[in-house]
Structures are given as C-alpha cells and as structure tokens.
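Read through the structure below, which is laid out as structure tokens, and then see the notes.
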Amino acid sequence: MYDAYRPQSVRVGNCASSTFILSTGAPQGGVLSPLLYSLYTYDCTATSSSNIIVKFADDTVVVGLISDNDERAYLEEIKHLENWCQENNLLLNVSKTKELIVDCSKKQERHYQPVRISGTTVERVDSFRYLGVHISQDLSWSRHTSSLAKKARQRLYHLRRLRDFRLPSKVLRNFYTCTIESILTGNITVWFGNSTKQDRQALQRVVRSAERITHSELPDLQTTYYKRCQTKARKIVKDPTHPNNRLFSLLRGRFHMRGVAGFHCGWNSRGILTPPPTSPSSPTPTSPSNPTPTSPSSPTPTSPSNPTPTSPSSPTPTSPSNPTPTSPSNPTPNLTL
C-alpha cells in the first residue's frame, strides 16, 4: 500500500537515528498526500445551515452566524467536529486553535460563552493569521499591511547590499521581484481593494525606495492589483466548477461583466469602471472616434409646410465631450473579488 511500511529516520548533522517503520498517515511532501487528506475529510461538513466549514489542506475553519444571541448551533457544530475527529482517529491541536469574534453591532457589548475542546478553553484573539493573511475582528487590513511593510523593509537592506556590490540593474530588479514584490502582492486581490489610503501609501513607499535603489521604474501596487483581479475573474468565469462562478455572468460585449448585485461593469480607455446605463432601453451613443458619415452638402430634406421642430439649445444626444467608453488593446479592470 501507498502508506504502509514506510522506513523513516531522523538526521541531525552527522548523527542519524535508527530506522523505524511507519504504517499510518501520509508522507510529508508527497504528491498524493493533499488529495488523500481531502478524500479522508470529505464527509466533514456542517450540520447547521447557519454554519460553514472551510477546509484548506489540514487547516479547518468553522464559521458560525450568531443571531439573537443564540450560540447553540455554533457550539454544537464545534462539538460535532470534535466528535468527528475522535471517530476518525484525528487529533485537534487545541494550542493552535483560536477563536475570532466579528461583532458588527455597536449598540451594546455582548458576552459570548468560551469554547472548550477536550476540556481546554480555546484562546480568543482579536487578530489571526490564516493562509498568510492577518484577519482582524474589525475587518480592517491595517495590521496585515503593517506586517507586510515591515517585512518588505527588512528585505530592502539586502537589496542595498547588492547595489553596493555594483550588480547590474537587471539583477537588482529580479531580486526585488522575487523577495520583495512577492511579499507586497501576496493575496493582493483579497485585501488591497478594501485597505485604507494610508495603508496603501505605506506599501507604495517601499516600492519607491526600491526604485531609487535599482535606478529603474517598478510596477506600482495599484496596477498590479488591477491585473491580478482581471486574471482571477477570468479564471473564475472559465471554470464552471469554481464556487464563485455563479457570481459572474458575461455580457455580449467583450469587455463587460455583470457582478453579484447586477451592476454593469465597463472598462474605459483608462481602465476605470464606468457607471451603469440609466435605462436598458436607452440607445447606445455613437462614439466620436467612429462617427456616422454624413455629408454637409446633402442635408436631409424637410417639408416646408410641416418642418421638423428643432431647437438649437437641444443638441443631438451624441456628445463628443462625453464619448462612449471604449476598450483599449490591453484593458485593466477594476474589480473587487
């Protein structure tokens, strides 16, 4: 079998332990290990409609909606998860388990019952790092962006050292892309769109410092965010099995997309979202860059006995000063997933 009779030993420096045989679990770093774990925990699902169990590899999150101060469904869900782990020979790591409460009610302070697993009280925190992203109880991203800026500024020291060795600018840019930009743009489609202006400026200052060190222009975070959102949205639309695929519906236009709330999202030449049309029955204005050819020497004949009333103060709806948003060759959307 794949997971039976696997020899294993521990080596520290020049000292190695004796070999012993493992017949349980999955090999660390094995190709089939994530798939086998997903199949093994497939039946670990929520028992209440107000709860959701989110699983990513061996990280499991129980999300519960508490209304009218009724915590029974949430606490029963945790108890059910504990019993399921015991029945399937899995052990919950209580020391790494944390509870984060997001309370949007500002009228009164609520008191929630402590969660206990195997007789141990779960620690309650105001921020938790999940899959590389710091999630705060006030749903702000200030702590996450501060952590990214601090870590990126530490890497700038190594970039300056490489510059002192007079390495080519191309090598410095590659080092920035691999070690600094990867930190600043990690999971950027999740948090950048809802971060504050001050947090964005703090991160952008790191990019400007890197530009002065490398003596080259580097992509700003706003542009990177636009491109990542565009790529992510297209992958979701093309994958019918994606959980968020039903939230998107493509329109007939090539660069149009309808979101969750039915908003009409169009991209103009600057890559900015255009507002929705005022009425579905409103005719599409003609773009001034491609006007309908008309001849000034051949006006439309009108009957003198019954002329068409025209008003010089009411021009044609087509306005050159407000053209129809057209898509560039490389559009950059402004989407928030």
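Since every read-out is calculated from the coordinates, none of them should be taken as a lab result. If you're wondering where the values come from, they're calculated on a predicted model, not measured in any experiment. Here the Cβ is made from the backbone with ideal geometry for all residues, glycine too, and neighbour counts use every protein chain on show.
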If amide H atoms are modeled at 1.01 Å from N in the peptide plane, then the residues at a separation of 5 or more from Arg129, or on another chain, having amide H under 5 Å from its own are Ile135
Rounded to one decimal in nm, the spacing of the 7 Å Cα→Cβ label points at Asp138 and Ile117 is 2.8 nm
Dipole check, the stretch 1-143, charges on Cβ (K,R +1; D,E -1), about Cα centroid: among Val12, Tyr130, Ile53 the Cα furthest to the positive pole belongs to Val12
Which residues qualify? For Val115, with a placed amide H closer than 5 Å and at least 5 residues away or on another chain, they are Val122
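Relative to the present Cα-Cα distance, how much length would full extension add between Ala16 and Cys44 at 0.36 nm per residue of separation? Walk me through the intermediate numbers first.
Details: separation 28, 0.36 × 28 = 10.08 nm, distance 3.89 nm.
Between Ala16 and Cys44, full extension yields an extra 6.2 nm.
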Any chymotrypsin sites (Phe, Trp or Tyr not before Pro) in the stretch 109-180 that lie in a DSSP loop and have at most 12 other Cβ atoms within 10 Å would be Phe165
Here, GluC sites (Glu not before Pro) of the stretch 75-128 satisfying both criteria (DSSP loop; at most 14 other Cβ within 10 Å) are Glu109
In order over the stretch 188-197: 3J(HN,Hα) from phi, Karplus 6.51/-1.76/1.60, θ = phi - 60°, whole Hz, x for each Gly or Pro, gives 5, 5, 8, 10, 5, x, 10, 7, 7, 5
Magnitude of the Cβ-charge dipole (Lys and Arg +1, Asp and Glu -1) of the stretch 11-160 about the Cα centre, nearest 20 debye, reported as 1120 debye
In debye to the nearest 20, the charge dipole size for the stretch 1-95, taken about the Cα centre with +1 at each Lys and Arg Cβ and -1 at each Asp and Glu Cβ, equals 600 debye
Among trypsin sites (Lys or Arg not before Pro) in the stretch 75-134, those in a DSSP loop whose Cβ has at most 13 other Cβ atoms within 10 Å are Lys106, Lys107, Arg110
Any residue on another chain or 5+ positions along whose placed amide H is under 5 Å from the amide H of Lys98 is listed here as none
Filtered hits (lysines, Cα-Cα < 22 Å from Lys96, offset >= 8 within chain) -> Lys55, Lys79
